[in-house]
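Student: Sending over a structure as structure tokens; questions will come in a sec.
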Amino acid sequence: LTSDNNGTLSVWTVPEFRLIYQIQGNDMVRSLTFSPDGQRIYDSRGAYCNVWEPDALLQPDDLDREDLSSTQDTTFSEPAAMTDEAGRAQITALICDAEDRFYCCGKDNGAVVLHDIRTGERVRKVYGHFKFASVIEMAWSVTSTYIASADDQGRVIAKRLRKPAGEVTAWAVYPLLDFRPGEA
């Protein structure tokens, strides 16, 4: 995994050093790493942490690793895919619950999305700010009952949450506060 001074990330095969995936960016990358399972890429640019999950890193379970290591060819002989980071909403704020079981991320498209920490799976979109507003601050109560966020347009939203319990299998979200103090 490499990055250049223009912010482009490149994923290479080893030991052949063939390019298998590339993500073009605009900002200088300060830090980058693979996830422990090797299926995601994390990079820090400016005030953002990006998470990428390129299909080129996903490998079928039925591959025999010993056979692969003895051949010169790799399973990634297709041309590298290029992705422009402008096409996806970027995470601009992140908060975990007190039990470290869930996290919410605020995005630059105004969405506030709940995820399961163990799997990284999206649980649900909790609510949204305006489409062209970036969520810049988030807070979650110690009891995981209330969540609040503020955007760069000066809007503060708070919601009451109810975790799934018994027969109910989905998170419930109730309005609490939608406030615009004046200026951003």
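Student: Can you list the trypsin sites (Lys or Arg not before Pro) in the range 125-184 that are in a DSSP coil and have 15 or fewer other beta carbons within 10 angstrom? Walk me through the intermediate numbers first.
Tutor: Numbers: sites: LYS125, LYS131, ARG155, LYS159, ARG160, ARG162; in loops: LYS131, ARG155.
Qualifying residues, ordered by number: LYS131.
Student: If you don't mind, there's one more thing I want to ask. Any chance you could run the full-extension gain for TRP171 through ASN6? It's 0.36 nm times the residue separation minus the Cα-Cα distance, nm to one decimal.
Tutor: On the way: separation 165, 0.36 × 165 = 59.40 nm, distance 4.11 nm.
My answer for the length gained is 55.3 nm.
Student: For the pair ARG18 and LEU94, what calculated FRET efficiency results from E = 1/(1 + (r/R0)^6), where r is the Cβ-Cβ distance and R0 = 35 Å, to the nearest 0.05?
Tutor: On the way: r = 34 Å, r/R0 = 0.97.
Computed FRET efficiency for LEU94 and ARG18 comes out at 0.55.
Student: While we're looking at this one, here's another question. Under the rule of at least 5 residues apart or a separate chain, name every residue whose amide H is placed under 5 Å from the amide H of PHE102.
Tutor: Residues meeting the amide H criterion: ASP97, ILE117.
Student: Same structure again: Probe radius 1.4 Å, ligands and nucleic acids left out: which of TYR174, TYR103, TYR127 has the largest accessible area, and how do the rest follow? Before the final figure, lay out each step's value.
Tutor: Working: TYR174 70, TYR103 50, TYR127 15 Å².
Descending order: TYR174, TYR103, TYR127.
Student: Using a Förster distance of 25 angstrom, determine the FRET efficiency expected from the C-beta separation of CYS49 and VAL156, and round it to 0.05. The partial results should precede the final answer.
Tutor: Working: r = 23 Å, r/R0 = 0.93.
So the FRET efficiency works out to roughly 0.60.
Student: Additional query: Find out how many positive minus negative residues lie around PRO175, taking Lys and Arg as positive, Asp and Glu as negative, among other residues whose Cβ is under 11 Å from that of PRO175.
Tutor: Working: positive: LYS159, ARG160; negative: ASP178.
After counting each charged neighbour, the total is +1.
Student: For an R0 of 41 angstrom, estimate the FRET efficiency from the Cβ-Cβ distance between LEU32 and TYR146 and round to the nearest 0.05.
Tutor: Working: r = 35 Å, r/R0 = 0.84.
Using R0 = 41 Å, I get an efficiency of 0.75.
Student: Taking K and R as +1 and D and E as -1, what net charge do the other residues with C-beta under 11 Å from the C-beta of ILE117 add up to? Display every interim value, and only then the final one.
Tutor: Values: positive: ARG101, ARG118; negative: ASP97, GLU99, ASP100, ASP116, GLU121.
Net of charged neighbours comes to -3.
The values are calculated or read from the model by the stated rules, or taken from the named source; none is laboratory data. Everything quoted here is computed from the prediction, not taken from an experiment. Neighbour counts are summed over all protein chains in view; Cβ atoms, including those assigned to glycine, are modelled from backbone coordinates with ideal geometry. These area figures cover heavy atoms from the full protein model, side chains too; ligands, DNA and RNA do not enter into them. Shrake-Rupley method; radii C 1.70, N 1.55, O 1.52, S 1.80 Å.
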